[in-house]
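Structure first, commentary second.
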């Protein structure tokens, strides 16, 4: 077997978790779909789940530096089959199986329990028969334009920047550019970097389809620090910076969630140490809190598709957006023109706190009229999320609703997401953790429960529900507003989405509704004088004209 991600010496260096990950890559090459890595404590003997020809499979990986795998591994796989109610299991090792392990697998097969053994030699055979890479799927026109423009810019200036809203496939575009680069520059080293471990792991999985099978990939973060980095490395920014300072010299650097790049910090140091490397940034949300212009790092954007444009052109799910702002203090509105208020003060005075019970009542109405409902509720704090989950769990059918937030361990977050994707968990109540790098395309209900407005976070969270999926007709959004900037953002989006014609005939009309029509009147009059309020910070002071009809 040629040097590859299944080379025996490479697998020994990768260790147990790395071996499972390389097996995951192999399954994608040989046509398995819906592959999920559940490796870790409490996995019940299954490290990977996958589907082939409409049949579910369990894989248990047994990495060995030396020695062989005994019959206990076969029994663990059998137990996993019972736990997950799956009827095909494979025990995989980079070494060999003992005779007792083989006899145990044979005995189980004789009674109808299908446990197969893949040793290092079998892996080599499967690898040799696998295609060079996964067959690419067709891109949308805007994705094709982005790939062509980015490639041309990299050849010309060595810099490229792409803005694609959440749900429009920025990782797909980055992967196609990576594919081209590897074909044009065989043997080169590439760094794909982001700011979180979860995100770089997702990037590696997503980009395997674009990496030839003879090019290895590696993870680079605090718990994974290999001695060498051949091929494509997916690294967390701070660890990648340390390796670059020690001499790692990739020829191409791809930065995901590039809005995290600033004038100083890990990325600035990393880029400064790699003046000859080509660089590409991709992001869904170009806005930074410190106003740093990332075009200073990656050059002028070569392609831009906003969330509003994606909705208007039909590349995102149809949206039915309902703004609940009936908690506005209209007595305050009548007198607002007499004073100048900061946004922070305005929000405190303008919005009367909405009851959680009211949020649940509106969510129930939408849930009951939605086919195969799947919902995410966004809250501002962990405390509010836990309280909201408890309130939702009182309704029959919602008892298994769960929270998702940064204080949970990574393993627990993944497990809860897996249960949500499978339909076991009907509703996720989240605090920020679903902003970046999480793909949950089955979601068809989003609920914003009095979240503080951030343009970047809003676009990321809204994008979670707008990904197209077969059988998904639309997404309903319930926004219980507590920030004047959110009203302005939705009002502006409403205008942008309604402009021009729909590009795809199959897509219906997007709807933006204000439950209290006085709110639309307020916005019609205020927005003309306020301007771009959606991106303003808390300290901006506002002065409004007298409001008619309230």
Can you bin the range 28-75 into rounded, prolate or oblate? Criterion: square roots of the alpha carbon gyration tensor eigenvalues sorted a ≥ b ≥ c, rounded for a/c under 1.5, prolate for a/b above b/c, oblate for the rest. prolate
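Taking square-rooted eigenvalues a ≥ b ≥ c of the alpha carbon gyration tensor, is the range 141-305 rounded, prolate or oblate, where a/c under 1.5 means rounded and, failing that, a/b exceeding b/c means prolate?
rounded
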Peptide ranges 182-189, 139-146 listed from the most packed, as the mean C-beta count within 10 angstrom indicates: 139-146, 182-189
Would you mind putting 443-450, 222-229 in packing order, based on average other-beta-carbon counts within 10 Å, highest first? 443-450, 222-229
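If packing is taken as the mean number of other Cβ atoms within 10 Å per residue, what is the order of 29-39, 83-93, highest first?
The peptides rank, most packed first, as 83-93, 29-39.
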Taking the convex hull of the alpha-carbon atoms of the range 1-96 and averaging its shadow over every direction gives an area in square nanometres of 6.2
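All of the numbers you see were taken from the coordinates with simple rules; none came from a lab. Only a predicted model underlies this, so the values are computations on that prediction, with no experimental measurement involved. All Cβ positions, glycine included, derive from the backbone under ideal geometry; neighbour counts span all protein chains shown.
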